[in-house]
Amino acid sequence: MTAGESLRLPEALPGLLLDWYDASARVLPWRSEPTPYRVWVSEIMLQQTRVEAAKPYFLRFVEALPDIPALAACPEEALLKLWEGLGYYSRVRNLQKAARLVVERYGGELPASFEALRSLPGIGDYTAGAIASIAFGLARPAVDGNVLRVVSRLTASRRDIADPALKPAVGAEIQAILPSRPGDFNQALMELGACVCLPNGEPLCGGCPLGGICRARELGIQGSLPVKAPQKPRRQEERTIVIIRREDTGELALRRRPATGLLAGMWEPVSFAGRLDQWQTLDALFPLGVMARSLATLPPARHIFTHIEWRMTGWLALVPDGAVCPEAGVVWVHPEELVRRFSLPSAFRPFFEAAGVGVGVA
């Protein structure tokens, strides 16, 4: 047999996979009580976030906001604080937008309809399929990266896993074999990809329940699948970050980023585009009304976003207690207040730490 383009899934797949899942599924907080709301929150959190990292955030989030009306009514700053450390803040903003629509249209309860779920902000085909199948038992596939990897190896497919046409093709094949437990089946496929059919190296074929029907294993090519075209290199941007602190009170200067674009609407220390030296930084601060008594270097840092890498230069500026920064839109905040109230992107954590400010940024 040779590797080909067919994605046809074996008829034995559902039975083998569900038997394994019943015996081996991880205990996860959203699985123990799979209400539509909890499934939804978990699926949004798990976009771009590992399961183990998401668990404590999930528990904290649903304790503070136990239902959709509570999420819809939550003040933005408190919402972002609950999300702090997970990154990709557009996820939680869309979560709240969708919650408000659900309150308005459906009385605060998620609709048991794939099409209605798909129409909500932040919910694409995968998330709608996951909620529909897991929470409502609807026969809908849920195709994420784990599922694409499993299917690619199971069928020895050489199709590019990043090809946008692959997801619907895989979804159609899964739809054709969905058993009477669609939610468990979808979770089992994802679980297999997360725990056994691993990315970035050799899968754990010795413990795979699908070893007897896996074409890639039969051909000995599982380590070279799935095929993925090289990604374009990230765009690199130089930034200068200035931690401004009042000398006696220790208060810190924060301002909001623009309402659109990267880290939209988040709080940040004063920052500038480009790599500024000492004199350039002082010149950049002057129009903001910042008259620094001293300017000390902070260690450089970098932060990687999906498509952009920030390479950052840091400065610590000490200013008199009367400094107000009238043109900068700055608020002055005590460090302990940051922990309670303000959500700060993790990109800036190295500079606060280097400045000796324990703000608890995550």
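Side notes on the structure shown:
- The chain, accessible area per residue, ligands and nucleic acids excluded (1.4 Å, Å²): 46 Å²
- Accessible surface of the range 65-148 [probe 1.4 Å, protein heavy atoms]: carbon and sulfur percent: 53 percent
- In this rough spin-label picture, where each label sits 7 Å from Cα along the Cβ direction, the Lys55-Ser224 distance is 3.8 nm.
- The range 253-342, relative contact order in percent, only Cα pairs under 8 angstrom and at least six apart counted: 30 percent
- Hydrodynamic analysis of the range 228-362 uses the Kirkwood radius over alpha carbon pairs. Inserted into Stokes-Einstein at 25 °C and 0.890 mPa s, it gives a translational diffusion coefficient of 160 µm²/s.
- Stretchable slack from Asp248 to Leu204, in nm (0.36 nm times residue separation minus alpha-carbon distance): 10.0 nm
- Counting lysine pairs in the chain that sit 8 or more residues apart in sequence, or on different chains, and whose Cα atoms lie under 21 Å apart gives 4.
- Distance between the C-alpha centres of the range 196-214 and the range 235-308: 47 Å, rounded to the whole angstrom.
- For the peptides 252-264, 183-195, the ranking by packing is 183-195, 252-264, with the highest mean count of neighbouring Cβ atoms within 10 Å listed first.
- Within the shell of other residues whose beta carbon sits under 11 angstrom from the beta carbon of Ala216, the net charge comes to +4, with Lys and Arg scored +1 and Asp and Glu -1.
- Spin-label proximity, Glu238 to the range 276-320 - amide N less than 11 Å from point 7 Å beyond Cα toward beta carbon: 276-277, 311-313
- Relative packing of peptides 63-72, 41-50 - highest average C-beta neighbours within 10 Å first: 41-50, 63-72
- With every protein chain in place, the range 160-263: carbon and sulfur % of accessible area (1.4 Å): 51 percent
The values are calculated or read from the model by the stated rules, or taken from the named source; none is laboratory data. All figures in this text were calculated on a predicted structure; none of them were measured in a lab. Positions of Cβ are backbone-derived with ideal geometry, glycine not excepted, and every protein chain shown enters the neighbour counts. These area figures cover heavy atoms from the full protein model, side chains too; ligands, DNA and RNA do not enter into them. Shrake-Rupley method; radii C 1.70, N 1.55, O 1.52, S 1.80 Å.
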